[in-house]
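Undergrad: Encoded as structure tokens, here's the structure I'll be asking about.
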Amino acid sequence: MLDVTFVKAGLPKAGAVVVLLSEGGVPSALHAALDGASGGLVARALEAAGFKGRAGQSATVWAPGLGITKLVAVGMGAPGALTPDGAEAVGGAIWPLVSGETEATIAADGVDMVVAIRVALGASLRSYRFDLYRTKEKPEDKPKLSGLNIALPDPAAARAAYAPFKAVAEGVFMARDLVSEPPNVLHPVEMAERCRALEKLGVQVDILGPKEMRKLGFGALLGVAMGSAIEPRMVAMRWNGISGGKGRGRRGEKPICFIGKGVTFDTGGISIKSAGGMEDMKWDMAGAGCVIGLMAALAGRRAKCDVVGLVGLVENMPSGTAQRPGDVVTTASGQTVEVINTDAEGRLVLADVIHYAIEKYDPRWMIDLATLTGAIIVALGHEHAGLFSNDDTLAGQVEAAGKSTGELCWRLPLSEAYDKQIKSDIADMKNVGTRAGGSITAAQFIQRFVQGRPWVHLDIAGTAWATKDLPTAPKGATGFGVRLLDRLVADHFEG
Ligand code: BES
Ligand code: MN
Ligand code: ZN
């Protein structure tokens, strides 16, 4: 992760210097000093480049005469108009402009400390790379910058304020790493082992295998796992933040639960998917990746909240031992499901894990995340995750947290009429409806396992992975949900 260092504002003597300039605003003292040292050449160069300070605008002035490589002016828009989310996008835009340098300093002496911190976070998030399996990359093709200096008046205060954001960024990176890993490496057994890394942050990690799950009656999850040569796992990660990570939390205080779909590869099973793009299904565990990254973020910043993260980890494969369309499975809740389509496997996994969450932890509320349906991409594209809920308050809080982190959610309806679609002739329900409203019937299926508890379901099939660079994420795994849910907890469920 990009190493962010807060330093006292003084004239940098090497590398790139980034100056943050508002439209028509007063330039920072540092910028004025650099301009002065150049005899006004910097200002003239920026003017000649047509730089006005508009949000998203940037201009580079090569300035070896100032003892630095270059000065990069970055626009912040109208003074005071920048949102925190916008500040992160500015930071994200800075990264590619400085990543080829060995040293870089952002002159943040002219902006609010809060803005400076979010710019640093944005740059850090954007600097993510997954290069574990590139053995032949030339040094000149790799970013050189490993540290970023932020120059401002009170570095000690900024350092303290940045610490929790850094923990969240680490959680995001962990989620992205998991989602990026190829499916031969990151199978259910391996993914469960990776959760153990959270133990050093004070998270209690319990791993359940098929034996335990059989005892618990996880017929739906185990049905999905039947076709795979690799055993399924369920991992429970508990963070007792109210008691500082030790003990069992305050008496009488119910925890909150986050539940993630962790299908490490989804072939569709016997209802097999077509070949084109099937490699994408390695990221069908992004819901679980998010829950694991979120637990790392919350524990990393010592969040004052009792939280349990649960992930159901399976591989959905076709084979002689795979479950068939037409099979009837009995879920942990006792409800039976006719499996019409083995490719609608995520909801089967979630059904058992959600039931377990309720029975074991008696949560105040629950949020599940899943790359559940292709239909959500048809409905919302890649701009919003689908949000479904039986609780208007919690739904509103999640939506608001989405707006303030830039991880947007859009609520879709649930109702009896949709629920009718999953009636079965032979069992309590079937696992698919018609094509109409496919994301909603999937959510209706999950709702049958929440026992009326406050619950939000996020369908992240469209947002877990980006095919182009985003403001604060390079293309690939986004880590969607970590920042959103961390913010939800921080805004409403701590202290
Ligand atoms: N993992 C997929 C959903 C998915 C599709 C995520 C495309 C990301 C991109 C899920 O398990 C699935 O296969 N859903 C089916 C449901 C259908 C069989 C009712 C789908 O969306 O086609
Ligand atoms: Mn599927
Ligand atoms: Zn799937």
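Undergrad: Report the label-to-label distance for Arg159 and Lys475 in nanometres (one decimal), using points 7 Å from each Cα along the Cα→Cβ vector.
TA: Label-label distance for Arg159 and Lys475, simple model: 4.0 nm.
Undergrad: Given DSSP loops and a limit of at most 10 other Cβ atoms within 10 Å, what is the longest stretch of the chain that contains no such GluC sites (Glu not before Pro)? Each step should come with its number before you reach the end.
TA: Working: sites that count: Glu137, Glu383.
Looking at the chain, 138-382 is the longest stretch - no exposed GluC sites (Glu not before Pro) with at most 10 other Cβ atoms within 10 Å.
Undergrad: Normalised by the residues of the range 3-154, what does the relative contact order come to in percent, with Cα pairs under 8 Å and at least six apart?
TA: Values: 299 pairs, mean separation 52.1, N = 152.
Result for the range 3-154 is 34 percent.
Undergrad: Taking a ≥ b ≥ c as the square roots of the eigenvalues of the Cα gyration tensor of the range 148-213, is the shape rounded (a/c under 1.5), prolate (a/b larger than b/c) or oblate? Don't skip to the end; give the middle numbers.
TA: Numbers: a/c = 5.60, a/b = 2.27, b/c = 2.47.
Since a/c reaches 1.5 but b/c is at least a/b, the shape of the range 148-213 is classed as oblate.
Undergrad: Shifting gears a bit: Can you compute the modelled spin-label distance between Val378 and Asn341, with each label point 7 Å from Cα toward Cβ, in nm?
TA: Label at Val378, label at Asn341, 0.9 nm between them.
Undergrad: Would you kindly derive the ³J(HN,Hα) couplings of the range 215-229 from the backbone phi angles with the Karplus curve 6.51 cos²θ - 1.76 cosθ + 1.60 (θ = phi - 60°), listing them in order in whole Hz, with x for Gly and Pro?
TA: Along the range 215-229, the couplings run 4, 7, x, 6, x, 6, 4, 5, x, 5, 6, 4, x, 8, 7 Hz.
Undergrad: Another question about this same structure. Order of Lys273, Lys475 from fewest to most other C-beta atoms within 10 Å?
TA: Ordered by Cβ neighbours within 10 Å, fewest first: Lys475, Lys273.
Undergrad: Once you order the gyration tensor axes a ≥ b ≥ c over the Cα atoms, which shape class does the range 166-492 get: rounded for a/c under 1.5, otherwise prolate or oblate by comparing a/b with b/c?
TA: Details: a/c = 1.31, a/b = 1.27, b/c = 1.03.
Since a/c stays below 1.5, the shape of the range 166-492 is classed as rounded.
Undergrad: Next question. How many percent of DSSP beta bridges within the chain run antiparallel, rounded to 5? Provide the component values of the computation, followed by the final result.
TA: Values: 28 of 71 bridges.
Antiparallel bridges make up about 40 percent of those DSSP assigns within the chain.
Undergrad: Let me ask something additional. Among Lys215/Lys273; Lys261/Lys282; Lys211/Lys360; Lys254/Lys304; Lys144/Lys475, which pairs are too far apart, with a Cα-Cα distance over 21 Å?
TA: Values: Lys215/Lys273 32 Å; Lys261/Lys282 12 Å; Lys211/Lys360 18 Å; Lys254/Lys304 13 Å; Lys144/Lys475 19 Å.
Pairs exceeding 21 Å: Lys215/Lys273.
Undergrad: So if R0 is 56 Å, what FRET efficiency would Ser146 and Glu416 give, r being the distance between their Cβ atoms, rounded to the nearest 0.05? Kindly include the intermediate steps, with their values, before the conclusion.
TA: On the way: r = 56 Å, r/R0 = 1.00.
That pair, Ser146 with Glu416, gives E of 0.50.
Undergrad: Here's a follow-up. For the pair Glu47 and Tyr133, how long in nm is the line joining their label points, each one 7 Å along Cα→Cβ?
TA: 5.4
Read-outs: derived from the displayed coordinates by stated rules, not from any lab. For clarity, every value in this text was computed on a predicted model and none was experimentally measured. Please note: Cβ atoms are built from the backbone with ideal geometry, for glycine as well, and neighbour counts cover all protein chains shown.
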